[in-house]
Amino acid sequence: MAGATVSGGVAADLSRLFDPRTIAVVGASEDPARNVARSMQATRWAGFTGRLLPVNPRHRTVFGLPCAPSIGALSAPIDVVMAFVGPDRLLDVYRECRGAGFFIAVGDLVPKGAPDGDRLAAELHDLAGRGWPRIVGPQCVGVVSPTTGAAATISTAVDETGLPRGPVGIISQSGGIVSALVERARKIGGGFSHLVSSGGEFDLTTLDYLRFMLDDEATRVVGIYAETLPDYPAFLALARRARELGKPILLLQPGRSLAGAAAALSHSGRIVGDRQVKEAAYRRSGVVVVDDVDDLLVAAMLLSRHRVRPGTGVGVCSLSGGYAAAFGDRIVDHGLAAATFSPATIERIRAETNQKNPANPIDAGGRGRPRAGYLDVARTLEIMDADPGVGATIYAETLFSYMEDIVEVLPAFVRGAAKPHLTCWQAGPMVEPVLAALRREGVLTCMEPHTALSAVRALYDHAERATPGPSPVAPSPTLAAADGALGEDAARALLRTYAVPFVAERTAPTAADVASAAAGLRVPVVLKGDLPGCLHKTEAGLVAAGIADPSGLAGAAAAMAARTPGIAGFRIQEMVGGGIEMMVGIKIDPEVGPALLLGFGGIYAEAMGPPAVEMAPLDRATAGAMIDRVDRSGILAGYRGRHLARERLVDLLVAAGSLAAAEWPRLREADLNPVIVTADAAVAVDIVVVARPS
């Protein structure tokens, strides 16, 4: 059954919700001051062709329709009930609805602060799906379905102009977001198959609506606004199914909290929060994260029409040289690449347009004849569209003379273009008639560079989503009996199991033993004291570096032991020089699993930006992409003539990812900090591993 969901063992077909034949309105009224009156009008404005059934014992007719005194007095089967009654009466109304399909609760289900509120809520849960209707909400604006003409909603965005119809399905925990998207679609363009305000999700959840939309033929892209998700593993499984079906999921999720990071013992655990881990899980499963309502709308419209080829760049054209230059900066700011034109493309632009030295973004203005510029725009876009290195085109514009003439040529280009196109025209009310004309001709438009470039970024994010990593290996017994921070020997044994490389070292039980223990190590060496419970040795004065001879080593150990009582032993490590310090960490999100993070360490930590985060395990391609995201300046590729062992760092990341994937049910966090990358190696130096309490 398409769109089936289960509660209490009973399947519910959501097609009755989005394509109802009957909608009963309890508390029906023509009073314009009440939501119910507007709701009944919205149902008509949306083009609903089924039966609207008013229910109110105080009226015989409402808006010319016969009004029943109660739900029980209705003889027709009821698909959807909208109840405009207070929470003190709602349960009584709900009990009358046995046999109905769905119950939309626009307000509270039970009275706030009621002493028996928990009992009432439990009764509603028990009845839902057991012969009584499934519940949408509470605190929601209802359901709007432009595809079917159904509207059971209090949204003020549904008016006499009808509903913008298109291939995008919307699921939102915020009713205001639903209304905003409908209104913005009228402004920007595009339309929807179905929109549902899920509200408090007492019964039906985002996942139920998502299952329906994945099976729905009218929906090609799903946009979701969700502050939280009821079951992250189930959501990610649905996202992987959506990827197989070719239906992109766009997610707008507010709150970039670092919840959980404050309690981390490892350094990497403190700088990456739960949000970054979840976004890595989304990326692994093909979900595209967006930043605001317009990003969600425009990206959805683009993805409903086009896909983009990975590895390509963006081609931009403008009649304003200044705006073209400024737009080029914004491309970089949004993590996009301006396309590098092929020699054939450059030659065509020179020969067929006004540009003699074409650079991307292209300034197509300055021809001299004021009405000729728009012809150069259209031709330039056509030439860029044919370049295999161009993945998408943008016409970026401000005001110019005879701007209405662009309507004569731009829609024809868009209809024939092989690749995605978006027009960004940053101006005021004077340009609105031109934009409206372009939208009527099917040209996607917006007025802000951020919106345009965020939407194009979503195209590339969808195309470049990470492929699933290799299957995890079986866990080792090391963590089985552990609780809290592992001792250094146990931590190294765990890393050794997964072939994670670390620096050559020796151990000594006392200060008197360090010189003999260090025999065979290359000098200089680093001396570290093992103090039980101390995870960060440098801050505790337990590290002495650059020791070149046995006497110096013995003296440093004796001084460290005298200064810090309780040292349980010493560790002598070869000092790795001539490399770059990196940081590799493992962070566990109990809802989505283990993530690996990579960032610069040491003096580069603050200057090089945030770490890259990916879910474990990793394949080599994903590990390499992490390095590329972190090392945008090319330090590892060759800095002042130094070429470092990038592939050895890839090996280390893959090994650490295998450890994380196998051990995460018992692992809380781990830190390899620093990892030093030299010309021929990448090795962990300090290691922190914290087990989850058994």
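The values are calculated or read from the model by the stated rules, or taken from the named source; none is laboratory data. Remember, it's a predicted structure, so these values are computed and weren't measured experimentally. Using ideal geometry, Cβ is built from the backbone for each residue, glycine included, and neighbour counts are taken over all protein chains shown.
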**Request:** For the range 637-648, state whether one or more residues are in contact with a helix residue (DSSP H, G or I) (Cβ under 7 Å, 6 or more places away or on another chain) and crowded, with 21+ Cβ neighbours inside 10 Å.
**Result:** no
**Request:** Select from the range 544-557 the residues that are over 11 Å from Phe570 (Cβ atoms) and of a type outside the set (Asp, Glu) and write down the one among them that is farthest from the chain's Cα centre (by Cα).
**Result:** Ser551
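Give the residue, chosen from Gly47, Gly99, that is surrounded by fewer than 20 Cβ atoms within 10 Å (Cβ to Cβ), assigned to a loop (DSSP other than H, G, I, E, B), in contact (Cβ under 8 Å) with a residue 40 or more places away in the chain and not charged (D, E, K, R). Spell out how you get there, then give the answer.
Working: Gly99 fails: in contact (Cβ under 8 Å) with a residue 40 or more places away in the chain.
Being surrounded by fewer than 20 Cβ atoms within 10 Å (Cβ to Cβ), assigned to a loop (DSSP other than H, G, I, E, B), in contact (Cβ under 8 Å) with a residue 40 or more places away in the chain and not charged (D, E, K, R) holds for just one of Gly47, Gly99, which is Gly47.
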**Request:** Could you check how many residues of the range 607-627 are modelled with pLDDT under 90 and over 24 Å from Val689 (Cα atoms)?
**Result:** 3
**Message:** One residue is enough: does the range 467-476 have a residue meeting the conditions crowded, with 16+ Cβ neighbours inside 10 Å, within 43 Å of the chain's Cα centre (by Cα) and farther than 19 Å from Ala656 by Cα?
**Reply:** no
**Request:** Being modelled with pLDDT of 90 or more, surrounded by fewer than 19 Cβ atoms within 10 Å (Cβ to Cβ) and not hydroxyl-bearing (Ser, Thr, Tyr) narrows it down to one of Pro532, Pro524, so name that one.
**Result:** Pro524
**Message:** Under 6 Å between Cβ atoms, which residue pairs at least 6 apart in sequence (or on different chains) link something in the range 415-429 that is of a type in the set (Val, Ile, Thr) with a partner that is surrounded by 20 or more Cβ atoms within 10 Å (Cβ to Cβ)?
**Reply:** Thr423/Tyr395; Thr423/Val443; Thr423/Thr445
**Matching residues, the range 611-636, being touching a Pro at 6+ places or on another chain (Cβ under 7 Å) and surrounded by fewer than 24 Cβ atoms within 10 Å (Cβ to Cβ)** = Asp619, Val630
**Request:** Would you please list the contacts, defined by Cβ atoms under 8 Å and residues six or more apart or on different chains, that run from a residue in the range 633-653 that is small (Gly, Ala, Ser) to a residue that is part of a loop (DSSP other than H, G, I, E, B) and modelled with pLDDT under 75?
**Result:** Ser633/Met608
**Complete:** Counted residues in the range 121-142 being over 14 Å from Gly107 (Cα atoms) and either in contact with a Gly (Cβ under 6 Å, 6 or more places away or on another chain) or assigned to a strand (DSSP E or B) (or both) come to 6
